[in-house]
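Report on the structure given below.
What follows draws every value from the coordinates through simple rules; no lab data is involved. Quick caveat, the model's predicted, so the values are computed rather than measured. So basically every Cβ, Gly included, is an ideal-geometry build from the backbone, and we count neighbours across all protein chains shown.
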Amino acid sequence: MAPVISLQGVCKGYGDGARYQPVIDGMNLDIPAGETVAVCGPSGSGKSTLLNLIAGIAAVDAGALVLRHGGQSHALHKLAEAQRTALRRRLVGYVFQLFNLVPTLTVLENVALPLHLNKMEERLSEAVRRLQGLGLGEHLDAFPETLSGGEQQRVAIARALIHEPPIVLADEPTGNLDAGNSERVADLLFTEAERLGCVLVVATHSPAIAARAQRRVELGG
Amino acid sequence: MNPLLKSALRFMAKTPWTALTALLGIALGVASTVAVHLISLAVSDSVLTTRPPHLRQVTHIAEWPGADMNSYFELRRHWRQVQRPQTSGPLRTDHFQAGRAPAEPVEGVWDWLREVEFMTPIVEGQLALNGRRFQVVGADWLGGAPPPGLALTRQAVVADSSLGLVVNEALQLNGERWTVVRTVDSGVSLGLFVDIGDAMALLQRSPDTLSFVALRLAEPGAGLRTWLERLLPGLSAGLPAAGAEAVPKLPDWRLQPVASILPEQQFSKSILFNLGALGMLALLVAWFLIYQVCVLWLRQQETLLLRLHAIGFSANELVGGFLLSVAALGAIATLVGIFGGYGLAALLVRISTAGFDALPAVDMSAVVVAKALISGLGVAVAGAWLAFAKRKPSAEASSRSPTRVLERLATEPGIGRVGQSRADGQVGHTVLAIGRSNGWLTALGALGGLMLRRVRPPWLGIGLGAILIAAGMGLAETGLYGGFAAILAAGLIAAALVAPLLRLLRRRLHNSGHNLLARLAVREATWHEGDLSAALGALILAVGASVGVSLMVDSFERDFARMLEQRLAHETFLELPNQDGERLAAALRSAHPAALVQAYGRISTRLRGQAVELGYTDFSAAETARYGYRRPLAENEAFASESLLVKLGLSVGDSMDWSPPIPAFLAENAAVAGESFVANSGLAVENAVDSGGTALRIVHEFPGFGETTPRLLMNARTVARRFGDLGFDRIGLSGIDMPALEGWLQDWAPGTRVRERAALRSAALEIFDRTFAITRALAVLALIIAVIGLYNAMMALRLNQKAGVSLLRALGLSAAEQRRLALIRGGVLGACAILLALPLGLFIGFALCDVINPRAFGWSLDLSISAGAWAWPMLLGFTAAVVASVMPTPGEAGGAN
Ligand SMILES: Nc1ncnc2c1ncn2[C@@H]1O[C@H](COP(=O)(O)OP(=O)(O)O)[C@@H](O)[C@H]1O
Ligand SMILES: [Mg+2]
């Protein structure tokens, strides 16, 4: 079966002309369906950049980046911003290290956002059930600022998965949490990904998390 | 409900302080717009309704030598023929050239008549009977001339209210009985409106002699005029008079705008125009503020927008949501502003009469609401667009890959990354990307970029502005528009110099200050020109305008007081109900030999088609000394007010032909003029006593501040030789004991009003103050708006630096040290504002005194640089900058968690 994500000779850098600094330089990578991948490397090695490329938030400078889903393949490197955005809302769930939730929307509303975007509002009851399952049932109508860091990350994960995307990206999802909470969040991320059978790409410093992934991609410093 | 909108509304509710200042700023801007419009509208309404009835629909007046009913009917015939050319033979001009050989028919000489919509003959003149004076106006009321409501039968008069007559009162005029059928506020003092035939009989004119023909010309720029007038009442006053080019090319003809004989209206419109121009300035400052608010909001929501974009909200949705939230705020603010503006207008109209006798009524109209919506809602949304668009450069928009440009921008110091964490840099990047991915936004961005992005260097714009200033100030033909364009250009140049100044300071002060904290503060002040220049520019504009206006008002007040000193040289003034001043003066002199008694009189007339007031008395050396002239006035010498010289294109030393140019009249009228009444009007002063070609020499110029009509002062003898003995209606007195005088007057001249110098003086000064109350209020309003704008900008900046501040706190900086930091930062910014606002204010003051006032009113002012005028606004501006810097930002205002 063709990989869900494939990168061929992908280059990405910042700056112009003489000041151009390559961050990712000719990267090749294929990730088949259901695989969990840890992206490791020191700060500034380009982990976030890679995730942004896969999500279509940033565009590649050179090379090919293709996402495949449901028998269709999408060549991100050929698509315009607007088309990449439309793909992202369907195919990708994203979890960040910080500022994950819209502070002015309640927990439930935050999780419902992807459903709204994908016109899947009928699954709202599913969102409620999922949050209750995460022990967040009392906080459905609470605003994010009243939640602890770990709780916020769990809501973020629920939001990333609610529309069952084939790809979940997590950028240092536990970077801001204590050990106990880190563990719970990582658990949640991996078990849910497994349950849904989606690709999970985690950028992380944590050896514990890296160890849980089926594959490890090392970015140079 | 759309989750984006829901989120935005909650964001507003959760950041009440930010929302409130934004709301207040927009509402104030809207309120000033609404107030200025309502005041102008009210005032211009009251101006229009006081237009004399016989000139109500008239745009021009036409005069020619020997104008009489015959030539008028000839003109009508031409008019009809020009409109139906097929029936016409060759048109002749010889009817209109008295005393000349019939001219060859000239091709096209009557073409201008095609523009005429109606015409009506007018006769006017003064009538003095039994010590009473009337200004008689005869129009063809019966012939359907305007206004239709004033149809007059024979021997019926409509009286101006200044005559004190009542309806049905009978008048004995020339041995006949006349009936007052109506009284009106016509704006013609002592006006008596009668049918044209009656007027000729009353004035004992040679049969059929006309004063002028009133016309309405189709105005080519009428559309623009109406539009401007609707946009801001009074704004069209700055335009040159329409139809000036349509002047018939016939010798001795004069066709001029009706305004030249309605100086009060011109005066009022000029006031309106000035008010409007100042209101525009307040509006401009408000727009700056609204824009600043949008930038602040965008700043606060950047992180959020980035995350939403990552989830999959498209650029259009995010921009739309942002615009929608700003629009919601704008709508509420507009509503508040409309009501606030209405209240403000009512208040200002009450405290300020702006030079008008009757209190104008403040009325709401659809245009006002539309204007408020545009400035509140429209500008808020446009400001939100710009705030997005400004985050990317315009130059590279087409040539490069968008994302590249955006990324480059995100790394460029000063735009997104200085003082920001990495996350923020990425936020900037994404917001840029969001802005960029929109076609229409890109176009708008290019425009906004041109306007607001720092062009390096901004010299091109500054050069253009300098040209505009030179043209507007130097060329009198550019009129009020030129003057105000120059002021506006200067203001924008000053605002545009903020960013370069901050950059310069940043370089110069880079390593100044031994104290590391002070150095940090200075850098913080000078580092963020992109964030602060709009707000600081608005503050400079407001402070500059405030300084300029204060300088002008203070200069005016000083000159005005000096003029009052001249005018009110006597202790007491008597106002007579008749023209018997001569007799009363003689009686006073014999009853009080030690007293100083001087009789004054005046007459309204027209010179070269301009309405002019002639003032006369015995100009002895003592009397002329009050005007700073050393000798007594000789026969045929006169003083002229500055505005008269400007309007007639004369200067001191010039002689003016003072002889009537209508030889045909003279023989017939010579006898008439010998009686004690006067008919005036016609081309120059007709009905002269002697027919010699004497010239009147202007020997001295005096300022005429606050006077609506140009004035000419001369000896009573000089006037009498032209007009006959007119009598005196005012007397100036010094050295007489008041109680004694009043008792004496009871017996001698009942009905005489006694006014004391002090009372007259304070009344004049009070009127002066009220006239400028609106002006001052608007300047203050602009200042307040600017201060709120700067506060918003500082808030944006400090929200940006939250991380930095917590770092400093983590490093052990005490609260006091942080406050000092903010104080220094505010001080540096305030100093920058003052550095640019002071020259701007001086320039505006100079322009108002030396360019706007002469062009609008015909008098120039000596710019006096009083400390109070510039110190207060400056202090206010500086304090505002410091306070905005020091004032606490709402703790949890940040939208990004
Ligand atoms: N918007 C940006 N503009 C310029 N350089 C950037 C930007 N984002 C990231 N970089 C640079 O790219 C490199 C990789 O950054 P990033 O992908 O965030 O690394 P990581 O997530 O591994 O810490 C760094 O050197 C960083 O300075
Ligand atoms: Mg990273």
Per-residue average of Cβ from other chains inside 10 Å of B:299-305: 2
Chain lengthening between B:Ala370 and B:Asn316 when straightened (0.36 nm per residue, less Cα-Cα): 16.7 nm
Highest-MSF residue in chain A out of A:Ile167, A:Ile57, A:Ile209 [GNM, Cα springs under 10 Å]: A:Ile57
Order by protection proxy (mean Cβ within 10 Å, highest first), peptides B:383-389, B:866-872, B:158-164, B:294-300: B:383-389, B:294-300, B:158-164, B:866-872
Gained length - B:Thr879 relative to B:Ser206, 0.36 nm times residue gap less alpha-carbon distance: 235.0 nm
Scattering curve values for the range B:162-218, log₁₀ I(q)/I(0), Debye with Cα scatterers, q = 0.26 Å⁻¹: -1.20
Under-5 Å amide H pairs with B:Phe702, H placed in peptide plane, nonlocal only: B:Ala640, B:Ser641, B:Glu642
Cα-Cα separations in the range B:733-778 greater than 11 Å, expressed as whole percent: 74
Percent of Cα-Cα distances greater than 23 Å, calculated over chain A: 46
Protection proxy ranking, peptides A:23-35, A:169-181, average beta carbon neighbours within 10 Å, highest first: A:169-181, A:23-35
B:Glu766-B:Ala740 FRET efficiency (beta carbon distance; Förster radius 25 Å; 0.05 resolution): 0.30
Within the range A:193-219: backbone nitrogen closer than 14 Å to the A:Glu183 label point (7 Å, Cα to C-beta): A:208-209
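Apply 1/(1 + (r/R0)^6) to the Cβ-Cβ distance of A:Ala211 and B:Ala816, taking R0 = 56 Å, and write down the FRET efficiency to the nearest 0.05.
The formula returns an efficiency of 0.65 here.
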Sites B:Ser866 and B:Asn2, calculated FRET efficiency, Cβ-Cβ separation with R0 51 Å, nearest 0.05: 0.35
Distance between modelled label sites at B:Ala831 and B:Arg508, nm, 7 Å Cα→Cβ extension: 0.9
Gained length - B:Arg350 relative to B:Asn168, 0.36 nm times residue gap less alpha-carbon distance: 62.0 nm
For B:Phe118, distant residues with modelled amide H under 5 Å away: B:Arg216
Rg/Rg_globular for the range A:40-123, with Rg_globular taken as 2.2 N^0.38 Å and Rg from C-alpha atoms: 1.25
Beta bridges per DSSP with both ends in the range A:54-191, % antiparallel, nearest 5: 50
For residues of A:99-108, the mean tally of beta carbons on other chains within 10 Å: 6
Peptide B:11-20 - average C-beta neighbours from other chains (10 Å radius): 1
Long-range amide H partners of A:Ala142 with built H, under 5 Å: A:Val107, A:Leu108
